[in-house]
Amino acid sequence: MAITIALAGNPNCGKTTLFNALTGSNQFVGNWPGVTVERKVGKLKGNKEVEIMDLPGIYSLSPYTLEEVVARTYLITERPDAIINLVDGTNIERNLYLSTQLMELGIPMVIAVNMMDLVEKGGDRIDTAKLSGKLGCQVVEISALKGTGIMNAAEKAMMLAKEKKVGPPVHKFSVRVENVLERIESKLGSGIPEEQKRFFAIKLLERDDKIAEKMAFVPDVSPEIEMIEKEMDDDAESIITNERYVFVSSVTECCYKKNGKGKLTVSDKIDRIVTNRWLAFPLFAVVMFLVYYISVTTVGTWAAEWANDGVFGDGWNLFGLEIPGIPALVETILNRAACADWLQSLILDGMVAGVGAVLGFVPQMLVLFIFLAFLEACGYMARVAFIMDRIFRKFGLSGKSFIPILIGTGCGVPGIMASRTIENDRDRKMTIMTTTFIPCGAKLPIIGLIAGALFDGAAWVAWSAWFVGFAAIVCSGIILKKTKMFAGDPAPFVMELPAYHMPTVGNVLRSMWERGWSFIKKAGTVILLSTIVLWFFMRFGWVDGSFGILEAEQLDNSILAKLGGLFAPLFIPLGWGDWKMVVAAITGLIAKENVVGTIGILFGFAEVAEEGEEIWGILAGSVSAAAAYSFLIFNLLCAPCFAAMGAMKREMNNAKWFWFAIGYQTALAYVVSLCVFQISVWVSAGTFGIGTAAAIMLVISFLFLLVRPHKESRRLLWEQSLRQQY
Amino acid sequence: MKTLREVPCGRKGKVSRLTGEGAVKRRIMDMGITKGVEVSVRKVAPLGDPVEITVRGYELSIRKADAEMILVELLPEEA
């Protein structure tokens, strides 16, 4: 008989660590609330019959945030056989608040008090036996990180699941509330099992419409609600929340002994510096500089050069041993096998070149991922959100939007996924729409190519790319928040600041590998396929009226040229109406890493290094500096790669919003590139044409949208109207 | 009676009432800010907002606009 055990608990209480320990799986654990954004399933180590479900971290079973709705919908409708409720021992009061709600579900439950080692180290004591008695449910002590007690917790849960016995929850609220609940329970009718009655009674009292929708029979409880609200002078939802905390406080008072009073913890001491009034921003700048300096310029460059010029180039040196590059190796093999010329071309110029361009980029990404994983795991991300909130709110985002954007500098896909922790729907959508404006790791080669080919490798090109990306986020925020779609008040920004801790090496490496691996997988699948298709489209075409394979100098007749030519006129105002550039931009949709590789192939090079040094000269000869910069801007801002688009679609969960986001990104990219090209041509060459006039018009209307007066609606009005709808 | 916003850094307040309603209020209460609980203001963010508070033994960051919804009784300074 298969058993499903769900892991539930507050964000950041160690659920994913426990999940990994129980299943032997490799999920990344970060130290900011909300790392698990989707539920994950694994099999218990040593017992394939038992399925472990890792739910997103929640503070409550309220109907207000996406994660809470995901978690509670699962718990209510799919009803796992047992719950392990993970409780952070260092933060027991707030954690037990959720426990009181979970216990009402009528599902067998074990409470596992986590981080017991930290509790003891701090000199505090938790009396788990007493706790168990007070809560009417089994309590075990564990340390998910060290693996102590975890199997005990799992076995207890399995036993409970087999017994299938659950009594009604033992915790009681004040007499007045209990009386009302009793009356509601009696109205519920026989359709609801005894052990779940209390849950539904409470939800009805709280006016939780989402639960009411799921009930076959909804009794009218408005007289009860009215009575209790009048009697206790508060709204019913708050009354219940209050009652829960009163109960929890009474429990912790007798089971929890705190030792160190008023002592500054290490975390406090770090925070004194990290969020210090004067030091916070300089420190943040230094951290960001170090991350990018190391991963992009020093170690990153070294790693990328090794991968591109060595492994995918002319070969490299291992302790004096000459190891040939992969292209040369493949060529030798193909020559030996007396392979047909066209097939050799497909494999070398198409597949090896395209995939190599992507893979050559992996070492640099891995270095970047190590840093991001470290920052996530140690607890710094939450502090960044804390110090940045004031700024981001001005753009219609929240401090939490910074986490997705920061992760987005590595890769947009996890960045977009991280937006789930933002409670407010409006802020979240805005974050999803704007996160990919920031240059992700895969866009760095494009920057390198353009900077190298046309700007003598000037550092300002890279910096301006960051600036443009950031400015796009800021301006989009300001413009969009004034539109009807995003009208409303800023959402509450309530965020836990977790204690710092040193990330484990395994955890950091795991995160690095997980993200790096998805890149490599992409290279082996989507990119490999697209290079093959691209190669065929490029090598086949019509010469003198007959369709066939093309010679190297006949590429202008290829299918690809025809396709690119179809779209090319659209991009003439942007300065790069050449079909080759257009095709490069289109292949960028498959993966941004593709752009450089495609340009390399189209300009007739079998293999280009990451930043395409070989084609710098040719590229400089075929496009102007203004056009190249406009090409760069377009590729930075337009719709992201398919993988990121997929993430956007999933997170928006709404086709209309998804297409609006893609359309907005592409339109913005087009407008900005057009303005950049037209105005720089006007300034440098002095030619004024229709394009210039259009660009100036666009700039003026853009500025208008940016500064147009906007009446901030008064806070709470929006909330009220939302409530009145029900 | 003061709002939590007016509590100076380093001081404590006892929550006496929460104004506002709906998702915002529920969120704040879910985090443990309920009637009768002691809240101490730890720090103001470098740009003046949000503030960091300690409630029920953990650190929470909350915007000043939201802190305005929390009415507190200022507790005397500890020696």
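Yes or no, residue by residue, for (1) in contact with a Phe, Trp or Tyr (Cβ under 9 Å, 6 or more places away or on another chain); (2) within 14 Å of another protein chain (Cβ to nearest Cβ); (3) not basic (Lys, Arg):
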{"position": "A:VAL274", "(1), (2), (3)": "yes, yes, yes"}
{"position": "A:TRP316", "(1), (2), (3)": "yes, no, yes"}
{"position": "A:PRO327", "(1), (2), (3)": "yes, no, yes"}
{"position": "A:ILE333", "(1), (2), (3)": "no, no, yes"}
{"position": "A:GLN344", "(1), (2), (3)": "no, no, yes"}
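Exactly one residue among A:GLY191, A:GLY149 is exposed (fewer than 13 other Cβ atoms within 10 Å of the Cβ), in contact (Cβ under 8 Å) with a residue 24 or more places away in the chain and small (Gly, Ala, Ser), and that residue is A:GLY191.
Give the number of residues within segment A:43-78 that are charged (D, E, K, R), more than 17 Å from A:ARG244 (Cβ to Cβ) and not in a strand (DSSP E or B). Write out each step before concluding.
First, the residues of segment A:43-78 that are charged (D, E, K, R): A:43, A:45, A:48-49, A:51, A:54, A:67-68, A:72, A:78.
So of that shortlist, the ones also more than 17 Å from A:ARG244 (Cβ to Cβ) come out as A:43, A:45, A:48-49, A:51, A:54, A:67, A:78.
From what's left, not in a strand (DSSP E or B): A:45, A:67, A:78.
Result for segment A:43-78: 3.
Of the residues making up segment B:1-20, those that are surrounded by fewer than 17 Cβ atoms within 10 Å (Cβ to Cβ), of a type outside the set (Lys, Arg) and over 9 Å from the mean Cα position of the chain (by Cα) are B:MET1, B:GLU6, B:PRO8, B:CYS9, B:GLY10, B:SER16, B:THR19. Looking only at segment A:75-100, residues that are open to solvent by 10 Å² or more (accessible area, probe 1.4 Å) and within 25 Å of the chain's Cα centre (by Cα) come to 1 in all. Scanning segment A:416-427 for any residue that is open to solvent by 10 Å² or more (accessible area, probe 1.4 Å), closer than 21 Å to A:GLU496 by Cβ, among the aliphatic types (A, V, I, L, M) and in contact (Cβ under 8 Å) with a residue 60 or more places away in the chain turns up at least one such residue. Going through (1) facing chain A (nearest Cβ under 10 Å); (2) closer than 19 Å to A:PHE493 by Cβ; (3) open to solvent by less than 50 Å² (accessible area, probe 1.4 Å) one by one, B:GLY36 falls short only on (2).
Kindly indicate whether any position in segment A:290-310 is more than 28 Å from the chain's Cα centre (by Cα) and open to solvent by less than 70 Å² (accessible area, probe 1.4 Å). The answer is yes; a qualifying residue exists.
Every test in (1) out of contact with any Leu (no Cβ under 9 Å at 6 or more places or on another chain); (2) farther than 23 Å from A:PRO63 by Cα; (3) not β-branched (Val, Ile, Thr) is passed by B:ARG63 save one, and that test is (2). Of the residues making up segment A:325-338, those that are in a loop (DSSP other than H, G, I, E, B) and either open to solvent by 30 Å² or more (accessible area, probe 1.4 Å) or among the basic types (Lys, Arg) (or both) are A:ALA337, A:ALA338.
Okay, residues lined up against (1) within 13 Å of chain B (Cβ to nearest Cβ); (2) closer than 26 Å to A:HIS710 by Cβ; (3) out of contact with any strand residue (DSSP E or B) (no Cβ under 6 Å at 6 or more places or on another chain):
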position: A:ILE405; (1), (2), (3): no, yes, yes
position: A:GLY408; (1), (2), (3): no, no, yes
position: A:MET417; (1), (2), (3): no, no, yes
position: A:ILE422; (1), (2), (3): yes, yes, yes
position: A:ARG428; (1), (2), (3): no, yes, yes
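Condition first: within 12 Å of chain B (Cβ to nearest Cβ) and either within 25 Å of A:LYS164 (Cα to Cα) or open to solvent by less than 10 Å² (accessible area, probe 1.4 Å) (or both). Now tell me which residues in segment A:44-64 satisfy that.
Initially, segment A:44-64 is screened for residues within 12 Å of chain B (Cβ to nearest Cβ), giving A:58-64.
Matches in segment A:44-64: A:ILE58, A:SER60, A:LEU61, A:SER62.
As a summary of the residue check, A:ARG390 satisfies the conditions (1) basic (Lys, Arg); (2) more than 14 Å from chain B (Cβ to nearest Cβ); (3) closer than 30 Å to A:LEU283 by Cα except for the one numbered (2).
Going by what's in this entry, would A:ASP117 be described as within 37 Å of the chain's Cα centre (by Cα) and surrounded by fewer than 23 Cβ atoms within 10 Å (Cβ to Cβ)? Yes: the conditions hold for A:ASP117.
Filter segment A:463-499 down to the residues that are more than 24 Å from the chain's Cα centre (by Cα), open to solvent by 30 Å² or more (accessible area, probe 1.4 Å) and touching a residue at least 60 places away in the same chain (Cβ under 8 Å), then identify the one that is farthest from the other protein chains (Cβ to nearest Cβ). By that ranking, first place goes to A:LYS482. Taking the conditions (1) open to solvent by 30 Å² or more (accessible area, probe 1.4 Å); (2) of a type in the set (Phe, Trp, Tyr); (3) under 34 Å from the mean Cα position of the chain (by Cα) in turn, A:TYR245 satisfies each one other than (1). The single condition among (1) within 12 Å of chain B (Cβ to nearest Cβ); (2) touching a residue at least 12 places away in the same chain (Cβ under 8 Å) that A:PRO282 does not meet is (2). The one condition from (1) in contact with a helix residue (DSSP H, G or I) (Cβ under 7 Å, 6 or more places away or on another chain); (2) of a type in the set (A, V, I, L, M, F, W, C); (3) buried (at least 24 other Cβ atoms within 10 Å of the Cβ) that A:ALA442 does not meet is (1). Going through (1) without any contact (Cβ under 8 Å) to a residue 12 or more places away in the chain; (2) assigned to a helix (DSSP H, G or I) one by one, A:LYS522 falls short only on (1). The number of residues in segment B:23-58 that are more than 16 Å from A:ARG272 (Cβ to Cβ) and more than 9 Å from the chain's Cα centre (by Cα) comes to 21. Whether a residue is within 14 Å of chain B (Cβ to nearest Cβ), free of Cβ contacts under 8 Å to residues at least 60 places away in the same chain and buried (at least 16 other Cβ atoms within 10 Å of the Cβ) was assessed, and A:ARG383 does not pass this test. In segment B:33-48, the residues that are touching a residue at least 24 places away in the same chain (Cβ under 8 Å) form Cβ pairs under 8 Å with partners that are in a strand (DSSP E or B) and among the polar types (S, T, N, Q), at six or more places apart or across chains, as follows: B:VAL39/B:THR54; B:SER40/B:THR54; B:ARG42/B:THR54.
Looking only at segment A:3-11, decide whether some residue is modelled with pLDDT under 85 and among the aliphatic types (A, V, I, L, M). Within segment A:3-11 (the criterion being modelled with pLDDT under 85 and among the aliphatic types (A, V, I, L, M)), the answer is no, since none of the residues qualifies. Hey, does segment B:4-27 have a residue that's within 12 Å of chain A (Cβ to nearest Cβ), closer than 26 Å to A:THR90 by Cα, charged (D, E, K, R) and part of a loop (DSSP other than H, G, I, E, B)? Checked against the condition, which is being within 12 Å of chain A (Cβ to nearest Cβ), closer than 26 Å to A:THR90 by Cα, charged (D, E, K, R) and part of a loop (DSSP other than H, G, I, E, B), segment B:4-27 yields no hits at all. If a residue has to be touching a Lys or Arg at 6+ places or on another chain (Cβ under 8 Å), assigned to a strand (DSSP E or B) and without any contact (Cβ under 8 Å) to a residue 60 or more places away in the chain to count, how many in segment B:56-79 make the cut? Looking only at that region, the number is 2.
Let's see how each residue does on (1) farther than 25 Å from A:GLU67 by Cβ; (2) modelled with pLDDT under 85:
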| position | (1), (2) |
| --- | --- |
| A:MET417 | no, yes |
| A:THR435 | no, no |
| A:LYS443 | yes, no |
| A:PHE455 | yes, no |
| A:ALA458 | yes, yes |
| A:TRP463 | yes, no |
| A:ILE473 | no, no |
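Screening the candidates A:LEU283, A:LEU321 for the property of being within 26 Å of A:GLN364 (Cβ to Cβ), hydrophobic (A, V, I, L, M, F, W, C) and loosely packed, with under 12 Cβ neighbours inside 10 Å yields one hit, A:LEU321.
The values are calculated or read from the model by the stated rules, or taken from the named source; none is laboratory data. All of these numbers come straight from a predicted model, not from anything done at the bench. Cβ sites come from the backbone with ideal geometry, for glycine too, and all protein chains shown count toward neighbours. Heavy atoms of the whole protein, side chains included, go into the accessibility calculation; ligands, DNA and RNA do not. Shrake-Rupley method; radii C 1.70, N 1.55, O 1.52, S 1.80 Å.
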